[in-house]
1. Residues to consider are A:42, A:79; find the one that is modelled with pLDDT of 95 or more and within 20 Å of residue B:39 (Cα to Cα).
2. Can you tell me which residue among B:60, B:65 is surrounded by fewer than 16 Cβ atoms within 10 Å (Cβ to Cβ), away from chain A (no Cβ under 11 Å) and over 20 Å from residue B:15 (Cα atoms)?
3. Within region A:11-26, how many residues turn out to be out of contact with any strand residue (DSSP E or B) (no Cβ under 7 Å at 6 or more places or on another chain) and at positive phi?
4. Of the conditions (1) buried (at least 16 other Cβ atoms within 10 Å of the Cβ); (2) over 13 Å from the mean Cα position of the chain (by Cα), residue A:14 fails just one. Which one is it?
5. Show the residue pairs meeting these rules: Cβ distance below 6 Å; 6+ apart or different chains; first residue within region A:57-85 and surrounded by fewer than 16 Cβ atoms within 10 Å (Cβ to Cβ); second residue assigned to a strand (DSSP E or B).
6. Could you check region B:27-36 and list, in sequence order, the residues that are surrounded by fewer than 21 Cβ atoms within 10 Å (Cβ to Cβ) and either touching a strand residue (DSSP E or B) at 6+ places or on another chain (Cβ under 7 Å) or within 11 Å of chain A (Cβ to nearest Cβ) (or both)?
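The values are calculated or read from the model by the stated rules, or taken from the named source; none is laboratory data. Computed from a predicted structure; not experimentally measured. Every residue, glycine as well, gets a Cβ built from its backbone with ideal geometry; the counts of neighbours run over all protein chains shown.
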C-alpha cells in the first residue's frame, strides 16, 4: 500500500526557514517523481514543486522559485521541501505526492508574526 | 502559462442526477489532464488521468472526456458520497496549473 507521510509543519515568523519531510513507503520511491502542492485556508490547490526520480531536475512556479528547494533521498525513501524567506501568503496545508496519483495527509504551515 | 477555466464554481444536484464539470484549457495540452475529488479536511483523491482513464478503485459512474481543449468530468448517477470539491490539473507543461475548483452539494 502506498503511504506518504508529511511532517515538519508549524508556526513560523515571516522571513524564517522551514523544512518539510515526506516519508514514503509501499512503492519504489527511486523510480517516481515527487511533487508538492499546497492549499491556503479556504482556497484552491496550487502546485509548488516537482523533482524527477533521480533528483537531477527540479521545477517550481514563479511564486516560490528562488525561495523553495525540493529534494529527495532515495536511500531513505524521503522527500523534502526546504522553504526559505517564508511569507504570510505561504500559509497553507502542504501535501507531497507521487506521480500525481497519491497524496499524503498534509502538514500545516502557518507564517505569522 | 496554461490557464484552466473550470466551471461551474458550485452546483447543487439531486441523487441519481447527471452532473458535468468542465475545464477549458487556454492552449493545447493533449491528454495531460487529471481530475481530483477533495473532501473537507482530506487530501485530493485521483479520479481520472490522461483525460479519460478511470483511476483504480474509482466507481464507474465517473468518466472523463475531451473535445479539443475542453475537458469534462461526468458523474452519471450522483450519489450522496460524491459531495466535495472537484479540481482539474494540467501536467502538460510547467508551471503545472489547477482549475479553480467546483464545489458539489447534494440537494
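1. Numbers: A:79 fails: within 20 Å of residue B:39 (Cα to Cα).
The conditions single out A:42.
2. Unique residue meeting the criteria: B:65.
3. Filtering region A:11-26 down to residues out of contact with any strand residue (DSSP E or B) (no Cβ under 7 Å at 6 or more places or on another chain) leaves A:13, A:15-16.
From the residues that got through so far, the ones that are at positive phi too are A:15.
Result for region A:11-26: 1.
4. Of (1) buried (at least 16 other Cβ atoms within 10 Å of the Cβ); (2) over 13 Å from the mean Cα position of the chain (by Cα), only one is false for residue A:14: (1).
5. A:71/A:80; A:82/A:19; A:82/A:69
6. Step one: filter region B:27-36 for residues surrounded by fewer than 21 Cβ atoms within 10 Å (Cβ to Cβ), giving B:27-32.
Hits for region B:27-36 are B:29, B:31, B:32.
Conditions (1) in contact (Cβ under 8 Å) with a residue 40 or more places away in the chain; (2) assigned to a loop (DSSP other than H, G, I, E, B), marked per residue:
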residue: B:60; (1), (2): no, yes
residue: B:64; (1), (2): no, no
residue: B:73; (1), (2): yes, no
residue: B:77; (1), (2): yes, yes
residue: B:81; (1), (2): no, no
residue: B:88; (1), (2): yes, no
residue: B:93; (1), (2): yes, yes
residue: B:105; (1), (2): yes, no
